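Chemist: Please read through the structure below; I'll follow up with questions.
The values are calculated or read from the model by the stated rules, or taken from the named source; none is laboratory data. Just so we're clear, the structure is a prediction, and the values are computed from it rather than from any experiment. Reconstructed Cβ throughout: ideal geometry from the backbone, glycine too, with neighbour counts over all protein chains shown.
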Amino acid sequence: MAVITGNSGVVQVGLTGGTVLAVGEMRSFSIEETADTIETTSMGDTSRKFVPSFTSGTVTIEALFDVDTVTDNTAVPPTQATQHTVLDVGKEVDWAISPTGDPNNEDYSGSGVVTSKSVSVPYDDMITVSFTIQTSGTITAA
C-alpha cells in the first residue's frame with residue numbers, strides 16, 4: 001500500500017458557475033460524507049434493519065489568513081481564489097479537491113454553500129481562517 005503525505009494537496013473554489021481557482025496559503029482540508037438511514041424493523045424481527053436514504057457531506061478548509069485579499073483583491077495572483085470574498089458565509093460555490101495534488105490520483109468535486117467562517121488569532125502562531133462548505137448534491141470522485 002502506498003502511503004502519501006498531505007503536504008501537496010490542492011483545494012480549488014469558485015462562485016457557482018464561475019472559475020474554480022486554488023485557495024492560497026492552505027494548511028489543511030477534509031471531506032466528510034454521510035448517509036442517512038431509514039429503519040425498516042418490524043414486529044417479529046430480532047435485530048434492527050435499515051435501508052439507505054439521503055447522502056450529504058461537508059468540506060472543511062483551513063488556511064493562513066491572507067490580509068492582501070481583505071484590503072486589495074488586485075494583489076491576489078490570478079491563480080488563487082480570494083478567500084474572503086469567494087468563501088463568505090452564504091455564498092454558493094463549486095469546489096474541487098486533489099488530496100495529493102496529482103491529477104492522476106483520485107480527486108473530488110461538487111458544489112455547496114459556505115455555512116461557516118472562523119478566524120483564529122493565537123498569540124504565538126499564525127492567524128488562520130477556517131471555512132465549512134455544506135455540500136449540495138453528489139460528491140463526485142474521479
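Chemist: Output yes when any residue across segment 65-80 is in contact with a strand residue (DSSP E or B) (Cβ under 9 Å, 6 or more places away or on another chain), surrounded by 11 or more Cβ atoms within 10 Å (Cβ to Cβ), closer than 24 Å to GLY6 by Cα and modelled with pLDDT of 95 or more, and no when none is.
Modeler: The answer is no; no qualifying residue exists.
Chemist: For segment 118-142, which residues satisfy the criterion of being crowded, with 16+ Cβ neighbours inside 10 Å and more than 24 Å from ALA35 (Cβ to Cβ)? Outline the logic, then answer.
Modeler: Taking segment 118-142 and keeping what is crowded, with 16+ Cβ neighbours inside 10 Å, we get 128-133, 135, 139.
Passing the criteria: THR128, VAL129, SER130.
Chemist: If you take the residues of segment 3-30 that are assigned to a loop (DSSP other than H, G, I, E, B) and among the β-branched types (Val, Ile, Thr), which of them is nearest to the chain's Cα centre (by Cα)?
Modeler: Filtering segment 3-30 for residues that are assigned to a loop (DSSP other than H, G, I, E, B) and among the β-branched types (Val, Ile, Thr), the one nearest to the chain's Cα centre (by Cα) comes out as VAL20.
Chemist: Being within 17 Å of GLN12 (Cβ to Cβ), surrounded by fewer than 19 Cβ atoms within 10 Å (Cβ to Cβ) and at pLDDT below 90: is that true of ASP102 here?
Modeler: Criteria met by ASP102.
Chemist: Also, I was wondering about something else. Within segment 14-49, track down each residue that is over 24 Å from ASP66 (Cβ atoms), of a type outside the set (D, E, K, R) and surrounded by 12 or more Cβ atoms within 10 Å (Cβ to Cβ).
Modeler: Within segment 14-49, just THR37 meets the criteria.
Chemist: So SER53 passes all but one of these: (1) loosely packed, with under 12 Cβ neighbours inside 10 Å; (2) at pLDDT below 95. Which condition number does it fail?
Modeler: Going through the list (1) loosely packed, with under 12 Cβ neighbours inside 10 Å; (2) at pLDDT below 95, SER53 breaks only (2).
Chemist: Please go through segment 98-133 and give me each residue that is in contact with a helix residue (DSSP H, G or I) (Cβ under 9 Å, 6 or more places away or on another chain) and in a strand (DSSP E or B), ordered by number.
Modeler: VAL114, LYS117, VAL129, PHE131
Chemist: Restricting to segment 28-49, name every residue that is under 30 Å from SER8 (Cα atoms) and of a type outside the set (A, V, I, L, M). Walk me through how you get there before you give the answer.
Modeler: Step one: of segment 28-49, the residues under 30 Å from SER8 (Cα atoms) are 28-35.
Once the filter is applied, which keeps residues that are under 30 Å from SER8 (Cα atoms) and of a type outside the set (A, V, I, L, M), segment 28-49 yields SER28, PHE29, SER30, GLU32, GLU33, THR34.
Chemist: Can I ask one more? Considering only residues that are over 15 Å from ILE133 (Cβ atoms) and of a type in the set (A, V, I, L, M), look in segment 2-13 and name the one that is surrounded by the most Cβ atoms within 10 Å (Cβ to Cβ).
Modeler: The first filter runs over segment 2-13 and keeps only residues over 15 Å from ILE133 (Cβ atoms), leaving 2-10.
Subset that is of a type in the set (A, V, I, L, M): 2-4, 10.
Working: ALA2: 5, VAL3: 4, ILE4: 13, VAL10: 17.
The extreme case among them is VAL10.
Chemist: Here's something else I'd like to know. Scanning segment 1-15 for residues that are touching a helix residue (DSSP H, G or I) at 6+ places or on another chain (Cβ under 8 Å) and of a type in the set (A, V, I, L, M, F, W, C), which turns out modelled with the highest pLDDT?
Modeler: Going through segment 1-15, the residues touching a helix residue (DSSP H, G or I) at 6+ places or on another chain (Cβ under 8 Å) turn out to be 13-15.
Filter again for of a type in the set (A, V, I, L, M, F, W, C), leaving 13, 15.
Working: VAL13: 89, LEU15: 85.
Ranking the candidates gives VAL13 first.
Chemist: Let me ask something else. Given (1) outside any loop (DSSP other than H, G, I, E, B); (2) out of contact with any helix residue (DSSP H, G or I) (no Cβ under 6 Å at 6 or more places or on another chain); (3) modelled with pLDDT under 90, where does HIS84 come up short, assuming only one miss?
Modeler: (2)
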